[in-house]
Every structure is written in structure tokens, then in C-alpha cells.
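Below is one structure, written out as C-alpha cells, with a few remarks after it.
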Amino acid sequence: MAHKLKIGVVGVGFGAQVHIPAFQSEGLDVIAVAARREERAKETAEKFDIPNFFSDYELMLELNDLDAVSIATPVHLHLPIVLAALKAGKHVICEKPFSTDQATAKEMLNAANESKKTAMIAHEFRFSSGRSRVKELIDEGHIGELQMALVTLVTGPRRPIKPRPLTDRDVAENGGGFLFGLGSHYIDALRQWFGEISSVSGTTRTHYPDRINEETGNIVQSNADDTFQFRVEFASGGWATMVASSAAPYGPGGRMEVYGTDGTLITPHVGPGMNPPAHGKILAAKLGQESLNEETIPDRLQPFEDDRDDRLMPFRLLTREFLRGIDEGISPAPNFYDGYRCQQILDGIRESSLTGNEVQIEL
């Protein structure tokens, strides 16, 4: 790249926790930050020594030297910001879940294709070392042909539940819920490993719906799920199922198990967290071996540690792919096409939960 990439960040929650530190560590020049509340934008700008802050992202897009934008806002705000950034000629990283529904996801995909700009989705866990190595082992034929994959993500409270203030994440129509928030990462992993999904069925549930309306103080109900399960069939053969909940007291965390005609791969999480660890662990065996053994993960897949936040190592690797994409004039995976395909599955699970029917995915 001929010059240091100048990027602006919209959203100062996860944007301040991971996006900005990752960009600055990878040599990008974060020249602006935008947030709905000006005081939060200003506070973030001062913390990270960023020269410009805005409460209106459209004003940020008018900066003459801005090359790219990362979007870490609530999901229902992605569409207008993505479209405005692409129209302004900026490269884009957009947080997951991509959108509230597949129609708007397709609109953003089409806009990105027309713009010829680099556009990626922040499915950074593709770059966690365990998931990266599983992908390589599958491609090398370790498991043979996929038979089934079993995924669990079960976690929950350790103290009595009390209603909390209602936020955007508590409204399903705004992209809220455990399925969209965390399930999207696991659907992306399954697609990366095994290709396109041809059909899906599933259910969503809300075990703890009580929230507080901060304006009235009244108890209101969230319709965003805290528990879900789904089953998918892959176009290339094999199937996968996932059971997940953020409402299971003392739940043990996450685990992905892959079973094929020739062998098995298992990626247990370390501890009860929701995300795969940056530096993961793989248990593996091929038929003929006595038992599962821990697989050595090459150093090239875990090239450094970043103890500020466990998500920073994979996000920094995603950032490197973003820079490569800009240099080469492409949109490396995970890109807006991957975001759109993931959105189809998310929509299909919700539709199946409402109707009780299996949903065919248009390929």
C-alpha cells in the first residue's frame, strides 16, 4: 500500500474494545470515530489519540483523506451506514451479524459489488488458530467425507436473574438475540468448513424475557432469543446440528465436533466463554488410531499473542486480510457474500421456528 490506510470507526462499544486497538496495532491510521452520543465519541477519541470525532457518521464520511470505514453499530443501523460509506468510495469492514434480514444483506452485497471496493464481514474467528487448523485438516482429507457435525454453546448466569434495561439487542427485528449475535459466528464456521447449506430447520426460545423500560420503569418483554437449536444439510453432503443457550446456569461453554468417514476433529473451548479462544486446542484421530490425541497447531496460525483482549489476535489477522484485499482490489473471505449466505441461514432458522417447517435455502 502506497500510504498508511486512514480509517474511521462507527460505534464505540466493540469498536473501542477491539476494532480501534487492532487497527492501530496493525499500522492503520485511525483518523476519526463516530457514535450516536457525542460525549462517547469524544471520550474514545481522547483515549486513543484520534484527531476527529462525530455524532453523525455522514459528517465523518466527508473527510477528504478517509480511505475506509469499520462499522460496529447495532445491527439495524448497518444498512444505511454501509450504503453511505460505499457510495462515498470507502472500503468497509462491517460487524456481524451482517443485517436484520437477507433482503437488506443482498442490497449491501450488490452495493459492494458495484462499488469495486474491498468489503469484509468481521467474522474474525475464522482466524482463531484452532478453527483455521480444522479447516486445513478437513481440506487435507483428515475426516474423509463429512457425516455429521455437532456444535454446542451452552452458558448462562451464576447469580439470580434480575430484569435489566431494554436495549437494541433485546429486539429481534433489530437483529437482536443469541442466534444472530453468536450463532452467526458458528454458521460462518460451518460454511467455511463444509460449503453451502441447502436446507435448515430450527427453533428459538426466550427463557428470560423480562426487561425494564428505562423511561417508564415498567417491566417489558424482550422477543430476542436467548436459546436456539438448528439442523442444517450441506449441498455437498452431511449435516450439522447446534444447540445453544445464554440462559443455562453454569453451562460449560462451547465445543465443535466433526465426524467423517475416516476420522474425527474436536475443538473444545477452554472455560465457559462464548467465543473460541484465539489460540485454540484440537483433538483429532483417524480410524485405526487408539484414541483422540491433541493436534499440534502450527506457529504460523498463531503468530503472536495479544493479552489485551482474546479477540484481538484473530481480528488483527482479519485486518491484515483487509489490507491485502485493498492492495489486490478484491474482497477476501469473510466478505459480504459470506455475510449474505449466513443471513439466509439465520432467517431460515427464525422462519422454521415460526412455521415448524424445514426451509430450503436458495443457492
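Every number here is computed from the coordinates shown, using simple stated rules; none is lab data. The shown structure was predicted, so the numbers you read here are calculated from the model rather than taken from an experiment. Here the Cβ positions follow ideal geometry from the backbone for every residue, glycine too, while neighbour counts run over all protein chains shown.
Would you kindly derive the ³J(HN,Hα) couplings of segment 74-87 from the backbone phi angles with the Karplus curve 6.51 cos²θ - 1.76 cosθ + 1.60 (θ = phi - 60°), listing them in order in whole Hz, with x for Gly and Pro?
Here the 3J(HN,Hα) series is x, 4, 5, 9, 4, 3, x, 6, 4, 4, 5, 5, 5, 4 Hz.
With each label point set 7 Å from Cα along the Cα-Cβ vector, what nm distance links Ser25 and Ala88?
It works out to 2.7 nm between the two label points.
Hey, any idea what Rg/Rh is for segment 127-182, computing Rh the Kirkwood way over Cα pairs?
Numbers: Rg = 18.0 Å, Rh = 15.3 Å.
Rg/Rh: 1.17.
Just want to confirm a number: the relative contact order over segment 190-304, from Cα pairs under 8 angstrom separated by 6+ residues, in percent.
Working: 177 pairs, mean separation 18.4, N = 115.
RCO, segment 190-304: 16 percent.
Obtain the radius of gyration and the Kirkwood radius of segment 198-341 from its C-alpha atoms and give Rg over Rh.
Using Cα coordinates only, the ratio equals 1.03.
For the chain, set up a GNM with springs between Cα atoms under 10 Å and report which of Asn64, Asn213, Asn335 has the largest fluctuation.
Fluctuation is largest for Asn64.
Kindly put His91, His142, His19 in sequence by how many other C-beta atoms sit within 10 Å of each C-beta, fewest to most. Walk me through the numbers on the way to the answer.
Working: His91 24, His142 19, His19 28.
Ordered by Cβ neighbours within 10 Å, fewest first: His142, His91, His19.
If amide H atoms are built 1.01 Å from N in the plane of the peptide, which residues on other chains or at least 5 residues away come under 5 Å of the amide H of Met120?
Val92, Ile93, Cys94
Along Cα→Cβ, 7 Å out, is where each label goes; now give me the distance between the ones at Val243 and Lys106 in nm to one decimal.
3.5 nm
In units of 2.2 N^0.38 Å, what is the alpha-carbon radius of gyration of segment 114-265?
Values: Rg = 18.1 Å, N = 152, 2.2 N^0.38 = 14.8 Å.
After normalising by residue count via 2.2 N^0.38 Å, the value is 1.22.
Quick check on the chain: of the DSSP beta bridges with both residues there, what percent are antiparallel, nearest 5%?
Numbers: 40 of 69 bridges.
Here the antiparallel bridges make up roughly 60 percent for the chain.
Once the convex hull of the alpha carbons of segment 152-209 is built, what does its volume come to per residue, in cubic angstrom?
Details: hull volume 6.6 nm³, N = 58.
Residue-normalised Cα hull volume stands at 114 Å³.
Can you tell me the relative contact order of the chain? Whole percent, Cα pairs under 8 Å, sequence separation 6 or more.
Values: 796 pairs, mean separation 75.5, N = 363.
Result for the chain is 21 percent.
For segment 119-128, what does the Karplus curve 6.51 cos²θ - 1.76 cosθ + 1.60, with θ = phi - 60°, yield as ³J(HN,Hα) per residue in whole Hz, taken in order and with x for Gly and Pro?
9, 10, 9, 7, 8, 5, 6, 4, 9, 5
On a 26 Å Cα-Cα criterion, which of the cross-link pairs Lys4/Lys135; Lys135/Lys286; Lys6/Lys116; Lys96/Lys117 come out too long?
Details: Lys4/Lys135 32 Å; Lys135/Lys286 16 Å; Lys6/Lys116 18 Å; Lys96/Lys117 19 Å.
As for pairs spanning more than 26 Å Cα to Cα, those are Lys4/Lys135.
Could you derive backbone 3J(HN,Hα) for segment 8-18 from the dihedral phi with the Karplus parameters 6.51, -1.76 and 1.60 (θ = phi - 60°), listing whole Hz in sequence and x where the residue is Gly or Pro?
x, 10, 9, x, 10, x, 5, x, 7, 6, 10
Tell me the mean residue ellipticity at 222 nm calculated for the chain from its helices only (DSSP H runs of n ≥ 4, each -39500 (n - 2.57), averaged over every residue, nearest 500). All intermediate terms of the calculation are to be shown ahead of the outcome.
On the way: 9 runs with 104 residues, N = 363.
Helices in the chain give a 222 nm mean residue ellipticity of -9000 deg cm²/dmol.
Val243: net charge of surrounding residues, Cβ under 15 Å, Lys/Arg +1, Asp/Glu -1, itself excluded?
Details: positive: Arg205, Arg231, Arg255; negative: Asp225, Asp226, Glu257.
Charge balance near Val243 sits at 0.
With r defined as the distance between the Cβ atoms of Thr167 and Asn293 and R0 fixed at 41 Å, what FRET efficiency is calculated, to the nearest 0.05? The partial results should precede the final answer.
On the way: r = 44 Å, r/R0 = 1.08.
It comes to 0.40.
When the convex hull of the C-alpha atoms of segment 73-137 is computed, what volume per residue in Å³ does it have?
On the way: hull volume 6.6 nm³, N = 65.
Looking at segment 73-137, the number lands at 101 Å³ per residue.
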